[in-house]
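The values are calculated or read from the model by the stated rules, or taken from the named source; none is laboratory data. Computed from a predicted model, the values in this text were never measured in an experiment. All Cβ positions, glycine included, derive from the backbone under ideal geometry; neighbour counts span all protein chains shown.
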Amino acid sequence: MTDTITEQVEQATAAASGAAATEQFRSKQRTGTADSDTKRVDTLVSELLTAAHDIIRRHKVTYAEYDVLKSWLIQVGEDGEWPLFLDVWLEHVVEEVANENREGSKGTIEGPYYIPDSPRLPAEATLPMRDDEDGTPLLFQGQITSVDGTPLAGATVEMWHADNDGYYSQFAPNLPEWNLRGTVVADDQGNFKIHTMEPAPYQIPTDGSCGRLIAAAGWHAWRPAHLHLKVSAPDHQLITTQLYFKGGSHVSDDIASAVKPELILDPGPSSDGNGREVTYDFVLDKA
Ligand code: MBD
Ligand code: FE
């Protein structure tokens, strides 16, 4: 017998976070269903295939490359990385088209790591976090109004973000279930104050299929540090958005192409001397 203590520490892997994201997507109810008729399916799929055929002809794609594509596509599914792949490389255009007629605050992509029904918190609240949560404290505050300027009582701000190591609760091991996730209910003037920790830049998993693609193409895997938000109020359209930090790494070369100039925060020193604070107001379109 030896007195060696072997400790099994569960590691974050692409396949585990991919499996969780796939599971989460399957259980999600987005409002509205796609009732595309055969004509629309024919149009969309035919045009997608024609675009692929053109690329094959133009670049004389070989059988060896075709087989690499086939095995990579199979592996994306096995790794559970379809949510990650689609949200990183396609969702930004779906979001652009979906919200092109909005007058209120800008939205951007949801990404693969949203979980509904996070703990409900009062208008001034601290997101659930560990006692020794790492990072710089951030006070994020603001007001939610309608496009006509009316303050929206009973509005909610759902916030979720990665920790200082770039991990999202429920998608990485060893984190409390609702770490850095909460639903803040604004006061009767639509005001909210959320205390959290500034997130760090986020690298998408490099040890799965998306990581292999990034390495093979000579890209980088980074997203700028970001807060995810869903803001809603009775009789108004929900906004799904993200906010970034001025001067932060990868604000101008986000792998997911989800940064817009209106979404960049510039926090100042906190009035209590502890960390930083910023005010950002949301304007919601009527339903
Ligand atoms: C993320 O945290 C994210 O927001 C997106 C869009 C893709 C991968 C990870
Ligand atoms: Fe994210």
Practice problem: Identify the residue in region 25-41 that is in a loop (DSSP other than H, G, I, E, B) and farther than 19 Å from residue 91 by Cβ and, among all such residues, is modelled with the lowest pLDDT. | Solution: 35
Practice problem: Return the residue satisfying two criteria in turn: it lies in region 70-90 and is in contact with a Pro (Cβ under 9 Å, 6 or more places away or on another chain) and acidic (Asp, Glu), and of such residues it is surrounded by the most Cβ atoms within 10 Å (Cβ to Cβ). | Solution: 81
Exercise. Looking for whichever is modelled with pLDDT of 95 or more, of a type in the set (Val, Ile, Thr) and farther than 23 Å from residue 167 by Cα here; the options are 239, 264. Which one fits?
Key: 239
Quiz item: Among the listed residues 170, 189, which satisfies the condition of being at positive phi and outside any strand (DSSP E or B)?
Solution: 170
Exercise. Please name all residue pairs, on different chains or six or more residues apart, with Cβ atoms under 8 Å, provided the first residue is in region 249-270 and is at negative phi and polar (S, T, N, Q) and the second residue is more than 16 Å from ligand 1 (Cβ to nearest atom) and not in a loop (DSSP other than H, G, I, E, B).
Key: 270/137; 270/139; 270/276; 270/277
Quiz item: Within region 12-24, is even one residue within 16 Å of ligand 2 (Cβ to nearest atom), part of a loop (DSSP other than H, G, I, E, B) and among the hydrophobic types (A, V, I, L, M, F, W, C)?
Solution: yes
Quiz item: Pairs, please: C-beta under 7 Å, at least 6 apart or cross-chain, first residue buried (at least 16 other Cβ atoms within 10 Å of the Cβ) and in region 14-27, second assigned to a helix (DSSP H, G or I)?
Solution: 14/211; 18/84; 21/83; 21/84; 22/82; 22/83; 25/83
Quiz item: Restricting the search to region 211-232, which residues are away from ligand 2 (no atom under 14 Å from the Cβ) and in contact (Cβ under 8 Å) with a residue 24 or more places away in the chain?
Solution: 211, 212, 213, 214, 219, 220, 231, 232
Quiz item: Mind checking which residues of region 254-277 are within 14 Å of ligand 1 (Cβ to nearest atom) and farther than 21 Å from residue 145 by Cβ?
Solution: 254, 255, 256, 257, 258, 259
